Amino acid sequence: MNGRKVLLLTASPRGAASVSRALGEFLLARLEERGMAIKSLPLHPALGDEKRLAELLAAVDMCSLLVVSFPLYVDHLPSPLIELLRQVADRRQGRAGEARQSLAAIVQCGFPETAHCRPAAEVMRLFAAQSGFRFLGCLACGMGGAAGGRELKGTGGVARHQLRALGEAAAFLAEDRELPAEVIARMGRPMMPRWFYNFMADLGWKRQAKKHGTRRALRDRPYAGA
């Protein structure tokens with residue numbers, strides 16, 4: 001062990017099926033291989049539970065590196081994560097003289113384009129600056145749905161760019177170094193051709209509509225005349 005502690009905070013309500021969890025856990029395993037003591041906590045079980053929330057906030061205080069992994073919701077952070085970051089920021093006011101801590105983020109979205117994640121990455125950078133963390137960078141990727149419901153290591157060639165980027169990122173994060181642009185760019189590379197992703201996503205919508213008896217309503221425009 002190198003004496004440094006990393007805390008993975010997963011801010012997705014999907015539990016074991018979460019792509020955010022799979023991405024974060026893969027990075028966590030690579031950091032453990034490099035001698036870091038690891039801990040993983042999900043955000044949602046702590047919501048409304050004072051004891052679990054206190055444990056989570058205490059773990060944030062104790063870690064050397066905080067990794068926040070979350071899905072994009074309408075081009076933004078999930079609202080429970082925003083509330084947690086507000087609480088963390090309030091707790092950290094006036095702690096400038098304490099040991100330095102670092103922060104890295106992982107964000108994924110269901111859109112084909114990784115660019116949708118840029119505002120969320122900027123929010124995490126600003127949070128770090130206002131809360132006294134040293135921001136090491138944000139690993140963002142689109143097409144998160146392509147890895148949905150599976151362990152990341154089991155997605156084969158689909159997530160090959162993301163697997164490589166996470167492995168490379170671990171080498172920098174374990175040494176408390178900022179993520180280089182080439183690693184961030186590799187993380188954001190498409191998992192498959194955009195036309196194929198769109199085709200499969202459209203097929204998924206149609207299957208869901210059929211399951212719920214709403215397939216004939218897919219093209220409805222209830223507010224067109226408003």
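A few remarks follow.
- Positive contributions from Lys and Arg (+1) and negative ones from Asp and Glu (-1), summed over other residues with Cβ under 13 Å from the Cβ of Ala165, come out at +3.
- Percentage relative contact order, the range 1-91, counting C-alpha pairs under 8 Å, at least six apart: 41 percent
- In a reduced charge model with +1 at each Lys and Arg Cβ and -1 at each Asp and Glu Cβ, the chain shows a dipole moment near 840 debye about its Cα centre.
- Take every pair of alpha-carbon atoms less than 8 Å apart whose residues are at least six positions apart; their mean separation over the length of the range 110-226 yields a relative contact order of 27 percent.
- Subtracting the Cα-Cα distance of Arg134 and Val74 from their residue separation scaled by 0.36 nm leaves 18.9 nm.
- Selected from Pro71, Pro119, Pro190 as most flexible by GNM, with the chain as the system and alpha-carbon contacts under 10 Å: Pro119
- Candidates Lys210, Lys39, Lys51: whichever shows maximal mean-square fluctuation once the chain is modelled as a Gaussian network with Cα springs under 10 Å: Lys210
- Across the chain, the mean sequence separation of Cα contacts (distance under 8 Å, 6 or more residues apart), normalised by length, yields a relative contact order of 20 percent.
- Candidates Glu50, Glu25, Glu122, ranked by Gaussian network fluctuation over the chain, Cα under 10 Å, top entry: Glu50
- When the charge dipole of the chain is built from unit charges on Cβ atoms (+1 for Lys and Arg, -1 for Asp and Glu) and taken about the Cα centre, the candidate among His44, Leu179, Phe127 whose Cα reaches farthest toward its positive end is His44.
- Cα gyration tensor category, rounded, prolate or oblate, for the chain with a/c compared to 1.5: prolate
- Two-site label geometry, Leu57 and Arg34: point separation in nm, points 7 Å out along Cα→Cβ: 3.1 nm
- Ranking of Val88, Val68, Val74 by count of other Cβ atoms within 10 Å, fewest first: Val74, Val88, Val68
We did not get these values from a lab; they are worked out from the coordinates using the rules stated. Computed from a predicted structure; not experimentally measured. Please note: Cβ atoms are built from the backbone with ideal geometry, for glycine as well, and neighbour counts cover all protein chains shown.
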